[in-house]
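A quick write-up on the structure given underneath.
The values are calculated or read from the model by the stated rules, or taken from the named source; none is laboratory data. Note that the coordinates shown come from a computational prediction; the quantities given were computed from them, not determined experimentally. All Cβ positions, glycine included, derive from the backbone under ideal geometry; neighbour counts span all protein chains shown. Please note that ligands, DNA and RNA were not included when accessible areas were found on the heavy atoms of the full protein model with its side chains. Shrake-Rupley method; radii C 1.70, N 1.55, O 1.52, S 1.80 Å.
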2 protein chains.
Amino acid sequence: MNGAHALIQTLADAGIEVVFTNPGTSEMHFVAALDDEPRLRAVLALFEGVATGAADGYARMAGKPAATLLHLGCGLGNGLANLHNARKGKVPVLNIVGDHATHHVQYDAQLQSDIETVARNVSPGFVRTSQSTAALAQDAVDALVAARGLPGQVATLVLPADVSWGEGGLPCAAPPASPAPPADAQTVAQIAELVRSGEPVALLLGGQALLEPGLVAAARIAAQAGVKLLAECFPTRMERGAGLPAVERIAYLAELASVQLAPFRHLLLVDAKSPVSFFAYPGRQSDLVPEGCTVHTLASPAQDAVASLQALAAALGASGEAAALQPARAPGRPRGRLTAPKVCKAVGHLLPERAIVVDEAITSGLMLGVMTAGSPRHDLITLTGGAIGQGLPSAVGAAIACPDRPVIALVGDGSSMYTIQALWTMAREGLNVTAIIFNNASYSVLNVELERVGAAGGGGPKARAQLDLQGPALNFAQLAQGMGVHAVRADTAEGFCRAFEYALARPGPHLIEALVPESLAGAKRRVLPWMLRALPSLPPAVALAIKRKIAP
Amino acid sequence: MNGAHALIQTLADAGIEVVFTNPGTSEMHFVAALDDEPRLRAVLALFEGVATGAADGYARMAGKPAATLLHLGCGLGNGLANLHNARKGKVPVLNIVGDHATHHVQYDAQLQSDIETVARNVSPGFVRTSQSTAALAQDAVDALVAARGLPGQVATLVLPADVSWGEGGLPCAAPPASPAPPADAQTVAQIAELVRSGEPVALLLGGQALLEPGLVAAARIAAQAGVKLLAECFPTRMERGAGLPAVERIAYLAELASVQLAPFRHLLLVDAKSPVSFFAYPGRQSDLVPEGCTVHTLASPAQDAVASLQALAAALGASGEAAALQPARAPGRPRGRLTAPKVCKAVGHLLPERAIVVDEAITSGLMLGVMTAGSPRHDLITLTGGAIGQGLPSAVGAAIACPDRPVIALVGDGSSMYTIQALWTMAREGLNVTAIIFNNASYSVLNVELERVGAAGGGGPKARAQLDLQGPALNFAQLAQGMGVHAVRADTAEGFCRAFEYALARPGPHLIEALVPESLAGAKRRVLPWMLRALPSLPPAVALAIKRKIAP
């Protein structure tokens, strides 16, 4: 048996069901071996960032890793940003990177580069180049064990072509996953003491603590002891909606987060990082923990967060408390000219049962949390590492992990363009994804950031040109159609609702391009001079119609 | 003056004219400073691979580096593949990567990652994180000096946000570029001896040797001494066409390259690497130098290749020889159903004066060299590092470097999808690029490679599915239109020629999607069963038309 066959059988035996691929020549033996293993599904992407982002989204929903198959250092580079998001989200990924045959490396051929060096950026805990066909299956098991441990991580296995094609491969079995320990009794007792002290306390929940069991345990503690429940700013996966305990997320803007955190004297971390500003700004603090507030760790990412919360609840005598649950309360149907908040409202109004919501909408999604708070129970996946281009690939992975659940991805125009190729994989695999692209024709968040870093007046024309996506305006419906995805554009709330209902009712992927100028006033200010200049060259009836529209 | 202003002024003083950008928050001070430096043009890309590929293409044609502006480790990751191509092509790039403020790094915020580690993959010779605003301008000068030396390289300057926004910046001047030494007299004399020995000798030209002065010197040597002129397989930039010496490129397929190299007892390298196989294959040699042939270096990449060739010509008494020049001889106008060779023929037939041809057409471009050999003089840019997704970005950079020259990029369908966002920048900047996409609906080269690595029978259906780009078929004309680029599809040679003439006659970017099944027989074999299955469900007239077409 050659190495590739042994590897693939080992992966399948260990429960790996999907490999997200963008292979090249050095991976052809892996590709050729796929047909002999019916348990492993290979999903092709046209760009590596789609493959890695899909592996991330898949693992968040499946609760176990997928594999990737990438082509040498350059393929890994292309996939790096979404592996970064997985790393920051503590998501397990078994990252397989093909390499030249071991004897070929010395010749420094065109595609030769230092793969391990790049891999360390996203796989600080496990990078290994398999040295022999005989050792390959064990290397894969070691990588898998590293990936799926607590905290989950991206484990990178570099696979030289000759190790893959060589004979003498032998599949080997992965050990069962070992359970993580909960917080020790002393820590629980100390923290219970703090909670009982009557000082203002917040529980900051992250990672594993944001699924139902953790949320319920935390909500019992809150009900009994009056502690505040907070969630980290960008959860890996969060269960929410009607019937689940509601938790407030820390705001992205440091200014707002400081307000949220100001009341507390104690911040208790449960599989979460102590909150810091996303970026640094001149003259402002990066650490968001207020003066006089101390930070304590109930459960680290390497511990069992749910058991730790349950232990704390028990220590407080809260195990029998009734957790406060979010009542069902969807917003009304929006009407009139489409805006970003109306898109969020429409999503809240129409959200189906058991949806998976992928949020990479940046500024346009500000109202999404509020609008969907009382919608039917759903999962939320967010941009854990800040590397934009995560939304569409993540939706691919989530849809493959949960084929019977609707996936709704809300993505900013700028973000979507990093990995727009994901649409093709959605069409190819017939995935039940509705991609909603907020087209406001700008890197809107950067307009905010340009002000925040202190650039007086928001910069000159060259600076502002770096943030706008007009000239030419992108047409996402056309892009989607060019990749085989059904797509429509909407500029009214009514049109958007109709399109969303249509998409939810029909299998396969759909794209809805939401045309949402940030504000009517802003859009007019920007578009008016151009329009007025263009008017004389237009047919009189058209010019009149535009005049009525833009200058009523 | 803040660091950003000092940096930008230093770059402009040193002759840097363009920065290819995809900035984020940590680069906002750099962005805000752009308006104060009219000499620096900022060109926005929607994806970092476009920015880095454009910097590569720009430098190849401008003969001096552009800068990039990327956003932290993830932005660098996204740009890595095309920086790899630049590195392998010895192309100078000043790679500027924004980072968190120095005091923010300790907090391991969402976007924090080890940038220097990633950068070493493409910038082994120069990676530096600027430590203070006062030192920034000198750091930039050091990076620039490293980038533009011989051999050219990618020099990476990591720019922390506070170094950029801090006050106390002071521009500084870059030293003039120091000339590279030619081969020493003894080497020239020894090699002249070899050439005179009468044994079969080939000159393998690369890098700087493939522009007119080097070609002419080499052709004089060939005329006098009967040596063979070869060019490396993937030249960074090669001047060719009517009126220039013709040089045969080493073939991509090792099997063919071996035949080309077999006659020679001596191979003389001139700014070129000793030829090796692109990939390794089971049971085949990676080193393409035949048994009994010895390799000698006339000029290394760190030496002046042109002066070295001229010295060799002088030593041989060949300085006054007439170089054999390629006569003007364009192919005829192709007719009938469009195929990949007919596209190449049409390009050869219609190629305008002083065109820049970017070749990333992989299998579809096999006939391009032959078909354009006698076309008007042009520059050829190729895929130096094997990391696909280089063609369209490279065309962006070439068009910005040479606004008065037509750029014609021939790109495979698979390749183009890695950096398809380049089309938007072409439209935004109104670049004179004609992008020709060969749509054969497959990773065609991998079908060849699957056979070559020895996968019996070309793999099963799962393996083959990894190589095909059908289901859904991509529509590149729609993709282009969605990004504001004029586009048409052609499936006849007549239609292609008309579209190409139209594009060449009108400014701004154009895309022509060439619908080219690899071979009619191959396409039929693949499509026929599906077609026949589909026929009963189609309207009778359509079914009849298809039947006539596919089974005459």
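Values computed for the structure shown
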| quantity | calculated |
| --- | --- |
| In nm, spacing of pseudo-spin labels at B:Ser178 and B:Ala328 (7 Å Cα→C-beta vector) | 4.6 nm |
| Calculated P(r) tail over 16 Å for region B:150-191, as whole % of Cα pairs | 69 percent |
| Pairwise Lys count, chain A - Cα closer than 18 Å, eight or more residues apart or different chains | 7 |
| Stokes-Einstein translational diffusion, the protein assembly as shown - Kirkwood Rh over all Cα pairs, 0.890 mPa s, 25 °C, in µm²/s | 80 µm²/s |
| Pairwise Cα inverse-distance average, inverted: Kirkwood Rh of region B:158-232 (Å) | 16.4 Å |
| Among B:62-69, A:72-79, B:42-49, the order from most to least packed when residues are scored by Cβ within 10 Å on average | A:72-79, B:42-49, B:62-69 |
| Over chain B: helical MRE at 222 nm, DSSP H runs n ≥ 4 each giving -39500 (n - 2.57), nearest 500 | -11500 deg cm²/dmol |
| Around B:Gln303: net Lys/Arg minus Asp/Glu count, Cβ-Cβ under 10 Å | -3 |
| For chain A, convex hull volume per residue from C-alpha positions, Å³ | 171 Å³ |
| Scaled radius of gyration (Cα, divided by 2.2 N^0.38 Å) that region B:462-517 gives | 1.35 |
| Distance between region A:6-38 and region B:106-135 - C-alpha centres, whole angstrom | 35 Å |
| Heavy atoms of B:Val445 accessible to a 1.4 Å probe, total area in Å² rounded to 10 | 40 Å² |
| Top positive-direction residue, dipole computed over region B:410-481 with Cβ charges, set B:Ile420, B:Leu479, B:Gln466 | B:Gln466 |
| Within 10 Å of each Cβ in A:463-476, the average number of Cβ atoms from other chains | 6 |
| Area hidden from solvent between A and B (accessible, protein heavy atoms only, 1.4 Å, total, Å²) | 8100 Å² |
| Where the protein assembly as shown is the region considered: accessible area per residue in Å², 1.4 Å probe | 34 Å² |
| 5 Å-binned pair-distance histogram of region A:277-343 (Cα, whole percent) | 3, 10, 9, 9, 11, 13, 14, 16, 11, 4, 1 |
| Cα-centred dipole magnitude for region B:340-518, charges only on beta-carbon of K, R (+1) and D, E (-1), debye, nearest 20 | 80 debye |
| Positive-pole candidate from A:Ala280, A:Ala307, A:Ser319, dipole of region A:263-328, charges at beta carbon | A:Ala280 |
| Under 5 Å, built H, 5+ apart or other chain: amide partners of B:Ala101 | A:Ala280, B:Ala161, B:Asp162 |
| Electrostatic dipole magnitude of the protein assembly as shown [Cβ: Lys, Arg +1; Asp, Glu -1; Cα centre; debye, to 20] | 3740 debye |
| Cα gyration tensor of region A:246-310 - equivalent ellipsoid semi-axes, whole Å, descending | 23, 12, 12 |
| When the convex hull of its Cα atoms is projected in every direction, mean area for region A:185-315 (nm²) | 7.7 nm² |
| Ranked by how many other beta carbons lie within 10 Å on average, peptides A:325-336, B:114-125 from highest | B:114-125, A:325-336 |
| Inter-copy label distances at B:Glu199 (7 Å, Cα→Cβ; nm, one decimal) | 8.5 |
| Cα-based convex hull volume of region B:3-165 per residue, rounded to whole Å³ | 91 Å³ |
| Inter-copy spacing of B:Gly15 label points, which lie 7 Å from Cα along Cα→Cβ, given in nm from shortest upward | 6.2 |
| Region A:340-518 - percent of accessible surface contributed by carbon and sulfur, probe 1.4 Å | 57 percent |
| Lys, Arg +1 and Asp, Glu -1 on Cβ, resulting dipole of region A:185-315 about Cα centre, debye, nearest 20 | 120 debye |
| Rel. contact order, % - alpha carbon contacts under 8 angstrom, at least six apart, chain A | 14 percent |
| Rg ratio (alpha-carbon, reference 2.2 N^0.38 Å) - region B:340-518 | 1.00 |
| Solvent accessible area, Å² - A:Leu366, 1.4 Å probe, full protein context | 140 Å² |
| B:Ile16 accessible area, 1.4 Å probe, all protein chains in place, Å² to nearest 10 | 10 Å² |
| Selected from B:Gln153, A:Gly374, A:Cys233, residue furthest toward positive end of dipole (the protein assembly as shown; charges at beta carbon) | A:Gly374 |
